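Contents: one structure, followed by commentary.
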Amino acid sequence: MSLKDKEKWNAKYDSSTCLAGREPSRWLVDHAGLLAGKGKALDIAMGEGRNTLFAASLGYDVFGVDISEVGVSRAEALARKNNLTIHSRIADLDHYKIDENAYDLILCFYFLDRRLFEGIRKGLKPGGTLIYETFTVDYLQYSGFKREWVLEKNELREAFPGLKVLDYQEINEPENETAYASLVARKD
Ligand SMILES: C[S@@+](CC[C@H](N)C(=O)[O-])C[C@H]1O[C@@H](n2cnc3c(N)ncnc32)[C@H](O)[C@@H]1O
């Protein structure tokens, strides 16, 4: 992977002014009331930072990781424009170790690497929250995605043993040609 993914995502971001939009994910906004808004947060595959910035605006000290320097530099520029501080690192998540017991909040939106699941669980501090959303198998009918890139039914709900599931949904929206699962879970 690595170089191929980096080039692919840089090209995608280069070809658009803002790929995922500037608005934070609805699922994150809708569950902001569950979040303490203090401590450290990690945004996995931060992209152009729509959710990174939202977490920073809640009061988190947010650290984002992504392989695309184009995405990350846009996120940083947007943070400066909004007088928010974020920290970011350009890194390949295929070879990334999440610090253990380090985060009060972990976000992962529209990125799936199952090898990170254990690290995500261990990365949360006790009381820490995970908010995750990405495509499910139903999305295959709307896209040329490979099956390994999407979640199976109920997979996200069961992916983090030991975390308490606070909310979960699986959505299929033929009218918008999208299908995804969303999770909020907490480490006791
Ligand atoms: C669909 S975008 C989602 C971005 C962001 N989470 C959001 O929802 O707006 C997927 C992101 O994953 C990043 N990515 C893909 N492969 C990666 C890898 N191996 N390591 C780090 N980031 C990667 C891409 O650069 C891209 O920003």
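In the condition set (1) out of contact with any strand residue (DSSP E or B) (no Cβ under 9 Å at 6 or more places or on another chain); (2) in contact (Cβ under 8 Å) with a residue 60 or more places away in the chain; (3) closer than 25 Å to Leu34 by Cβ, Leu107 is compliant with all but (1). What about Val150, is it of a type in the set (Val, Ile, Thr) and free of Cβ contacts under 8 Å to residues at least 40 places away in the same chain? In short, yes. Residues of the stretch 144-164 that are open to solvent by 60 Å² or more (accessible area, probe 1.4 Å) and not small (Gly, Ala, Ser): Phe145, Lys146, Arg147, Glu148, Trp149, Glu152, Lys153, Arg157, Glu158, Pro161, Lys164. The set of residues in the stretch 126-142 that are open to solvent by 10 Å² or more (accessible area, probe 1.4 Å) and either part of a strand (DSSP E or B) or at pLDDT below 95 (or both) comprises Pro126, Gly127, Glu133, Phe135. Go through the stretch 1-17 and give me each residue that's at pLDDT below 85 and open to solvent by 60 Å² or more (accessible area, probe 1.4 Å). Across the stretch 1-17, the qualifying residues are Met1, Leu3, Lys4, Asp14, Ser15, Thr17.
Which residue is modelled with the lowest pLDDT, if the candidates are limited to the stretch 18-32 and must be of a type outside the set (Gly, Ala, Ser) and open to solvent by 60 Å² or more (accessible area, probe 1.4 Å)? Steps first, answer last, please.
Just the residues of the stretch 18-32 that are of a type outside the set (Gly, Ala, Ser), to begin with: 18-19, 22-24, 26-31.
Remaining after also requiring open to solvent by 60 Å² or more (accessible area, probe 1.4 Å): 19, 22-23, 26, 30.
Details: Leu19: 63, Arg22: 78, Glu23: 94, Arg26: 97, Asp30: 98.
Top of the filtered list is Leu19.
When Val70 is tested against (1) in contact with a strand residue (DSSP E or B) (Cβ under 7 Å, 6 or more places away or on another chain); (2) β-branched (Val, Ile, Thr); (3) crowded, with 16+ Cβ neighbours inside 10 Å, just one condition goes unmet, and that condition is (1).
Which one is surrounded by the fewest Cβ atoms within 10 Å (Cβ to Cβ), of the residues in the stretch 94-115 that are among the aliphatic types (A, V, I, L, M) and over 19 Å from Lys4 (Cβ atoms)? Out of the qualifying residues, it is Ala102.
The values are calculated or read from the model by the stated rules, or taken from the named source; none is laboratory data. Because the structure is predicted, anything quoted here is derived from the model rather than measured. All Cβ positions, even for glycine, are placed from backbone atoms using ideal geometry, and neighbour counts span all protein chains on display. We work out accessible area using only protein heavy atoms, side chains counted, and drop any ligands, DNA or RNA first. Shrake-Rupley method; radii C 1.70, N 1.55, O 1.52, S 1.80 Å.
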